[in-house]
Amino acid sequence: MLCTKSLDAFYRQFQALFGVDIHVRPGETVALIGANGAGKSTLLRALAGALDTPRGAIELDGHAAGAANERQQLARGIALVPEGRRLFPSLSVLENLQLAARNGRSGHWTVERLLRDIPLLDSVRDRPATALSGGQQQIVALSRALVMNPSYLLFDEVSLGLSPAAVDDVYRLIGTVKAEGVAIVLVEQNVRRALAESERFYCIQKGRIALEGASAGADYAQVTQAYFGA
Amino acid sequence: MTSFLETLFNGLTLGALYALFGLGLSLSLGVMRMINLAHGDLIVLGAYLVSVVAGWLGIGPFMSLLLVMPAMFVIGALLQTLLLNHVLGRGPLSPLLLTFGLSIVIQNLLQQVFSSDTRSLQGGAITTEGVEFGGVALGLLPLVTTAISVAVFALTHWLTASSHYGRTARAVADDPDTARLVGVQPRRFFALMSGFILAAIALASVLYGIRTPFAPGAGAERLLYSFEAVVLGGLGNLWGTFFGGLVIGVAQLFGAQVNTGLGPFFGHLVFLAALVLRPQGLFGKGTA
């Protein structure tokens, strides 16, 4: 299980997270929802090792997993799909995958398997990654994280800037990932979709957990209130 | 006509050496976004190391590369790890100041150890032999210099385009923060890259030391030619640097035909003129 214990996070002098406690069980899908600037991306970045955190603030299977860098977190099975896809423009789709595959863990997902299972990837494999549409780029970004064989996949802003059809494509692939037993923490602006795609949710407001619970049957009005802090 | 062709040939081969000087600077700029002002002094340091190893072991300068290239690789990796990595990401001024200081330290160190007398490397038959092609006399050393330069650029091109190291270099150059998210450790990679750059510098140092007498203060001029090749070719453009070096070399030698002492001046003149007409360099991408 991946969890945080009283996690604080800072950008220089600015404190973005205040004593955040969350947990994600193996194979579970958890949604993080909240307004812009609430601290969702910061929480994902902290989990991925991209922010300095105290040693005991993050635990994986009962062991301290904080105070780590991105490479150490990847070795532990925690990978992040960053907001805005952030594919490498100088690399082709295939090269984006190859780079990640070389540095990540070995396991179920390989470059060859992804090219075979996701026809889109094979059809654009030699194109510059950033020459693709937003939806295609999101598929590549998700595949780039998958090829590192994470046990916990952190997905920041799944649908941001994508057409409805592209969002459906991305969630279809997420469904495949879930079926392989990968735990997913997703940040999604569309609250209804986030609740529909997850088993549990955390609503973050100004760096603090304002509400948490099971996604199925969640009181939408209560979630909206926690979302906006009204 | 023969004289023209000979000057052109000699200019191109001199330019191939300048291109080799510029290779490391181009990689530093293109991937690490750093200008190393000690680059020229490292070329001179390499020439002194070759001189020392060749003298101690009684071997030729090319044979001494078997020891000097690994040594330069280690020096490069250590310099990057212990010094340069600490100033990367702190704006363009910090690396400039640090490498300027490093340049002065290397120059003074060389002067203390070797005095300010000039030295040269004994290349043996390679410096005296030549071939004649279509009535034009071609020196063996310039031919070897060009062949080595092309080979090193081709190897670097292959590494950049087709290897894991090349993919890593391009990813780090694009977006170092995201590169970390896919497991790249940019600072460790930069250490490896600086090692490669200094190993390539060792090759350039031998060719330079055989061709020209050198002294501890000769680094500034080498840096200038390197910089001109890199900027003229288009910042960070590998083959642009190669052709930039050729242009500078040819301009210098045709300039020397006008006035023997003004060769480098004509090189600078062509560099400035080219930049006025094409500020992004000959092979750089325009901003429009």
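Taking amide H positions as modeled 1.01 Å from N, with prolines and chain starts lacking one, the residues under 5 Å from A:Ala210 and 5 or more places away or on another chain are A:Cys203, A:Ile204, A:Gln205. For the stretch A:1-105, trypsin sites (Lys or Arg not before Pro) are listed when DSSP marks them as loop and at most 13 other Cβ atoms sit within 10 Å of their Cβ; the list is A:Arg12. Largest first, the residues B:Thr260, A:Thr224 sort by 1.4 Å accessible area into B:Thr260, A:Thr224. Taken residue by residue and averaged, Cβ atoms of other chains lying within 10 Å of the Cβ of A:73-82 number 2. Remark: accessible area buried at the B-A interface is about 1800 Å², both chains counted, probe radius 1.4 Å. Working from Cα pairs under 8 Å separated by at least six residues, relative contact order for chain A is 27 percent.
Let a ≥ b ≥ c be the square roots of the eigenvalues of the Cα gyration tensor of the stretch B:3-86; is it rounded (a/c under 1.5), or, if not, prolate (a/b larger than b/c) or oblate? Note, shape of the stretch B:3-86 comes out oblate. Averaged over the residues of peptide B:181-191, the number of Cβ atoms from other protein chains lying within 10 Å of each residue's Cβ is 6. Computed on the stretch B:42-110, with alpha-carbon pairs under 8 angstrom and 6+ residues apart, the relative contact order is 26 percent. Across the stretch B:205-224, no residue has a backbone nitrogen under 15 Å from the label position 7 Å along the beta-carbon direction of B:Val131.
Note on chain A: helix-only mean residue ellipticity at 222 nm, from DSSP H runs of 4+ residues weighted -39500 (n - 2.57) and normalised by residue number, equals -10500 deg cm²/dmol.
Per-residue 3J(HN,Hα) values for the stretch A:220-229, derived from phi via the Karplus relation 6.51 cos²θ - 1.76 cosθ + 1.60 with θ = phi - 60°, read 4, 5, 5, 5, 4, 5, 5, 4, 8, x Hz in sequence order (x marks Gly and Pro). Across peptide B:238-250, the mean count of Cβ atoms from other chains lying within 10 Å of each residue's own Cβ comes to 0.
The lysine pair count for the protein assembly as shown, using Cα distances under 22 Å and pairs eight or more places apart or on different chains, is 4.
The values are calculated or read from the model by the stated rules, or taken from the named source; none is laboratory data. Remember, predicted model here, so these are calculated numbers, not experimental data. Here Cβ is always computed from backbone atoms with ideal geometry, including for glycine, and neighbour counts include all displayed protein chains. Ligands, DNA and RNA are stripped out before the accessible areas are found, and what is left, the full protein with its side chains, is counted by its heavy atoms. Shrake-Rupley method; radii C 1.70, N 1.55, O 1.52, S 1.80 Å.
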